[in-house]
1. Could you tell me whether segment A:161-230 comes out rounded, prolate or oblate from its Cα gyration tensor? Rule is a ≥ b ≥ c as square roots of the eigenvalues, rounded for a/c under 1.5, then prolate if a/b exceeds b/c, otherwise oblate.
2. Could you calculate the FRET efficiency of C:Thr270 with D:Val189 from 1/(1 + (r/R0)^6), where r is the beta carbon distance between them and R0 is 22 Å, rounded to 0.05?
3. Mind listing the phi-derived Karplus ³J(HN,Hα) values for segment B:226-242, rounded to whole Hz, using 6.51, -1.76 and 1.60 with θ = phi - 60°, and x for any glycine or proline?
4. List the residues of segment A:232-266 whose accessible area drops by at least 20 Å² when all protein chains are present, compared with their chain alone, using a 1.4 Å probe and counting only protein heavy atoms.
5. Please label the shape of segment C:237-312 as rounded, prolate or oblate, based on the square roots a ≥ b ≥ c of the eigenvalues of the alpha-carbon gyration tensor (a/c under 1.5 means rounded; beyond that, a/b larger than b/c means prolate, else oblate).
6. Round to a whole angstrom and tell me the spacing of the C-alpha centers of segment C:300-324 and segment C:117-162.
7. With every protein chain left in place, what is the accessible area per residue of the protein assembly as shown in square angstrom, probe 1.4 Å?
8. May I ask you to evaluate 6.51 cos²θ - 1.76 cosθ + 1.60, the Karplus curve with θ = phi - 60°, for each residue of segment C:92-98 and list the ³J(HN,Hα) values in order in whole Hz, giving x for glycine and proline?
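The values are calculated or read from the model by the stated rules, or taken from the named source; none is laboratory data. It should be emphasised that the depicted structure is a prediction, and the values quoted were computed from it without experimental measurement. Cβ atoms come from the backbone with ideal geometry, glycine included; neighbour counts cover every protein chain shown. Calculation scope for accessible area: heavy atoms of the full protein, side chains included, ligands and nucleic acids excluded. Shrake-Rupley method; radii C 1.70, N 1.55, O 1.52, S 1.80 Å.
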There are 4 protein chains.
Amino acid sequence: MHTAVQPREHVSSGSRGRTARVAVAGATGYTGQELLRLLARHPAVTITAAMSSSARSATSGTPSSPRRLPALAHIFAGAITPLDRDALARDTDVVFLALPDKAAAELAPALLEAGVRVIDLSGAFRLRDQATRARWYPETHELPGGLAYGLTELERPAVAAARLVANPGCYPTSTILPLAPLVAAGLLVTDSDIVVDAKSGVSGAGKTPSERTHFSEVHGSVSAYGVFGHRHGAEIEQGVGRPVNFVPHLMPLDRGILSTIYLRLAPGTTEEALASVYEQSYGGQPFVRLTGPALPEIKHVAHTNFCDIGWRVDASGRAVIVSVIDNLLKGASGQAVQNMNVMLGLDEATGLL
Amino acid sequence: MHTAVQPREHVSSGSRGRTARVAVAGATGYTGQELLRLLARHPAVTITAAMSSSARSATSGTPSSPRRLPALAHIFAGAITPLDRDALARDTDVVFLALPDKAAAELAPALLEAGVRVIDLSGAFRLRDQATRARWYPETHELPGGLAYGLTELERPAVAAARLVANPGCYPTSTILPLAPLVAAGLLVTDSDIVVDAKSGVSGAGKTPSERTHFSEVHGSVSAYGVFGHRHGAEIEQGVGRPVNFVPHLMPLDRGILSTIYLRLAPGTTEEALASVYEQSYGGQPFVRLTGPALPEIKHVAHTNFCDIGWRVDASGRAVIVSVIDNLLKGASGQAVQNMNVMLGLDEATGLL
Amino acid sequence: MHTAVQPREHVSSGSRGRTARVAVAGATGYTGQELLRLLARHPAVTITAAMSSSARSATSGTPSSPRRLPALAHIFAGAITPLDRDALARDTDVVFLALPDKAAAELAPALLEAGVRVIDLSGAFRLRDQATRARWYPETHELPGGLAYGLTELERPAVAAARLVANPGCYPTSTILPLAPLVAAGLLVTDSDIVVDAKSGVSGAGKTPSERTHFSEVHGSVSAYGVFGHRHGAEIEQGVGRPVNFVPHLMPLDRGILSTIYLRLAPGTTEEALASVYEQSYGGQPFVRLTGPALPEIKHVAHTNFCDIGWRVDASGRAVIVSVIDNLLKGASGQAVQNMNVMLGLDEATGLL
Amino acid sequence: MHTAVQPREHVSSGSRGRTARVAVAGATGYTGQELLRLLARHPAVTITAAMSSSARSATSGTPSSPRRLPALAHIFAGAITPLDRDALARDTDVVFLALPDKAAAELAPALLEAGVRVIDLSGAFRLRDQATRARWYPETHELPGGLAYGLTELERPAVAAARLVANPGCYPTSTILPLAPLVAAGLLVTDSDIVVDAKSGVSGAGKTPSERTHFSEVHGSVSAYGVFGHRHGAEIEQGVGRPVNFVPHLMPLDRGILSTIYLRLAPGTTEEALASVYEQSYGGQPFVRLTGPALPEIKHVAHTNFCDIGWRVDASGRAVIVSVIDNLLKGASGQAVQNMNVMLGLDEATGLL
């Protein structure tokens, strides 16, 4: 349907010889590096560029030598180059944007215009409602056509057809996946409160040092933040379709989110009823693992693209749902590659297991 | 009123020269060591015995040499001796029990009988209702007379008069202190759900190694446990007088609990209204610090006897309360010494600031 | 030379269609799970068995249901089965032993006898000198024929031909790789002291809980252990050919070893001279990365099979060498798979990047 | 000798009623806060001022409200005020400088001039040799009279008489205490190398966020830094009187230093010989604890003013010494208060146990 870009949609599992040309804009942050790591070993893509707008944050490299990332030596042979919109528009099939919201909002339209497909890891295009978006992302503007919200398991057909994928936030991924099927199945008591107490590692805050992420402030501590005012709350409510009391917490670990969700279910709802709903939604999906009453732990999903979901229900209809993801993978770069696989018609798990 | 023990109630802030004789039964666990550390520098007590039932867990000491704790060298000069009920009954004014529930339940009556005052850090005597107690602490039995529940700020007169203090659990301390005043003031919507999502360091699980507390299982991970089945839930409900959906979580840190409490307040209730209630309950109390909308963090209370409480309310009446304590101090040994101070008629903060 | 097993040596990069049958004995420990994770995504092998001698430590599974590892759901579909020597001898080309020393020493000969190639991750077969071996591994006995010490980069031809590979210890891997080339090149002052101060994460201590690996004992602490008495010291001295003062330390992290090596070099030796020696030894090797004066960090190699080596030399001939590995990968399971690749004639990096 | 300040030297253990007036310049950093915590509960001093040059780093406080530190609520009632040299010179007996080197170098002379005694926690006055000092602290200048190096156990008489105490660096404290007695006793082989491999928590790097101290960079990692170029190396060599190969490492913990020291002893030197030397130097000293062959761990000294020292010697004369301190206490603020106690003629341990 998007004839302009047809020529680039040439990768499929059936044509092994051809690979998609992919680029990462914003390659030196945590999600950018994780993208490079995943894409470098992906059998169906070639990295044509790894760009960064900030030469100051270079981990190595002098003015006269190309800049490289020490952790990626022997994995990704290329250098980090300055951000170059024209080169991205010219030489790539899919561009990953791992940039600040504003930079992503500015860069995406030009790339789409040039026929490049875009997977944006920022928040710029996640919120559909314009007023809500204007409140939480005032620096962004219009939504382009061909846009899909990239929560892969729930939006697969839209992602497959999309020109621009708004890759979900880490908290929303860990929350909407367990909540949406229960709401859709009508299992919740009408108008009952939904509480989401989310616990995140520090890498979700990005690579820029701050007092909040200073080692001595986080080690041995736990803190709540963003109460009644975190923009991921709006994204969660968009995905769930109901008000949610969402409070994120910072934990002394690097990677991973555990979300504990408190619900009121219709009287008589059993753990087996939830199992059935989840099985219907996620049975056979490669990256959702259902653990039932054996609640999942962050350790089980760290450094993977899985979302593990467990649940408990008591006789009075109170339910506690626990989900875990790696915020840099299923919560960011892993899901971005999963979306790319869907967009390219590849097996969804390619390069991710 | 307890004439039998009158002779031992000789310590007061007015009689500087005399000190109370105190002993710790169960001195090698984390709470026991913390007690020794606090009591050793307490200006109004003398440690007459530090006993342990387990010679196997000795950190140092051979059959022929007295056993000592390396971390307490130069702080507590005494040796750890085998548990000796008669010696405790004979030579002490106050005995701290830092023992398993069953051992505490067996030892306390004999000590009370001998006129010794007892502060019990186990769960044996915390639950007043016999059926509830039988469910969660089946190994324990009758409640002796002269018993007080040692949540100091809320039970000071009872503690002052008590022969036996049931020192509260760590989770209940961190939860009842912020919740009880709001419930008492009638601020909560009738029958609305109360959710307590508690996040604890690992020292709360004690000193005995297990797979759950193995470093490699906890580091870099977060997990929920005891959903709908943690006995501190019953203790919290006893203290609050309402059902509470309490879920504890294990965090990768050693000391500290942060409890996030989700409430529905009567419409129109403001943050200032909560401030007023809290100020009335805790204003001027040495160990409760009210932080208002600047939510507290574990780092602020680690290695102290404080409970910090902060709160946020939104326009729709949703409230988020956050409290933090050090689970080994305000959640155990610190509060035990605070109770001892009250029992002995000392300034409540003696030796604790 | 071992004609009996010829029929099983059928895997090569040239015959894509055929895969080697591999099994893991000791699949539930940390190295065993890491082996399963690597082998499950390895394109040239099929896992025919994942066995464990201990049914007690099952993470899940009841007597009537097959036992599975939650972290490996959707990665490795098989169940964990009881240890079965005959099945291993019958159905596999390569068996990985991730067992205690004694169990490995007993099992390996029978498998070799049956023509199976064995990669042993225990210490049973690492020390060549019988007296030294008897001292540090008294429970083991004779060395079988066809044995190679599996420090891949330095022993590739021997590994390729071996029937039994003694996979090196984690500390020796992190120490011999940086030291051996310098000693071989004659750069060290004769009879000068070699100090190796090694810092390890806790996963190196295995999965069995103990006081030493209890979270509350390790978090916020650092400790030295095994001074003058760690058996990896003997393995290092075997690999280096000189006495080494090796002291391991336990760090509050899960994965990774950083070894700091202190040397006296022949006067006038420069950093460039070391660079040249290292380049000659490791240039072009996929899993050794030379960082020069920019010293490596554990973060750069965690969850990878790399060994990063950096170095500094001062004008007086003092040298400080720093090497880092992931103890579970290059220090155990990753190097084991690297050795398997060499044994099977595959590209050495297959499944490891 | 400094008669001008005689009137202020009025505090002794014999005159309970009178207390010294003390102030902290640089009160919001980690060492500054630790000083306030210690001084607030010290029975013989009154805090007259807690000043900070930086209003920007305030944890709380607006232009119109006094600035306070949340962790010190209920401990220190005063506000943090702007740095005011005249007030310090006027109203205090002892001023603690917890400032950058340059600021301390500028402020100290004026205070000394005014008759105030100064304990400086910066590096400005630690190195006696002018050339060495010019190299490592180029921003500082002359050394004033009445200066003592405040390694209390080794310099007690000088500290008692001093007008200005240069409080030692954290690494030097942890290294000179174990090394100096052995060197003085002639136990080391002449010209043999001394290797000091030091492992530190992150709080030693101060409170200013940087990439090196960003949580995600430190957690799960270990790194060496400052090889052949850390200014604490010069301070250690000054204290030991011999060249030392000192390499500090950053560990994923907040507080504490463990130094592992590698020595060559004169042939035949036994562990008992070291025990005897240490006993002679430190027997009866409140803050040095000798652990012998049971090597100390950071956990034993965290949040205390102790330096624990253990040692092992092998038959060939190789020695491994391990020392541990809390870098913020014995390595900074605790030792500063210890020095103050000595200066004021108080019991050295006052307020520190």
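1. oblate
2. On the way: r = 28 Å, r/R0 = 1.26.
According to the calculation, E is roughly 0.20.
3. Those phi angles translate into x, 4, 6, x, 9, 5, 5, x, 5, 5, 5, 5, 4, x, 9, x, 9 Hz.
4. By number: A:Asn245, A:Val247, A:His249, A:Met251, A:Pro252, A:Leu253, A:Asp254, A:Leu258, A:Tyr262, A:Arg264.
5. Details: a/c = 1.77, a/b = 1.22, b/c = 1.44.
Cα axes put segment C:237-312 in the oblate bin.
6. A separation of 27 Å, based on Cα centres.
7. Details: 49050 Å² over 1412 residues.
Solvent-accessible surface per residue comes out at 35 Å².
8. Residue by residue, segment C:92-98 yields 10, 8, 10, 10, 9, 9, 10 Hz.
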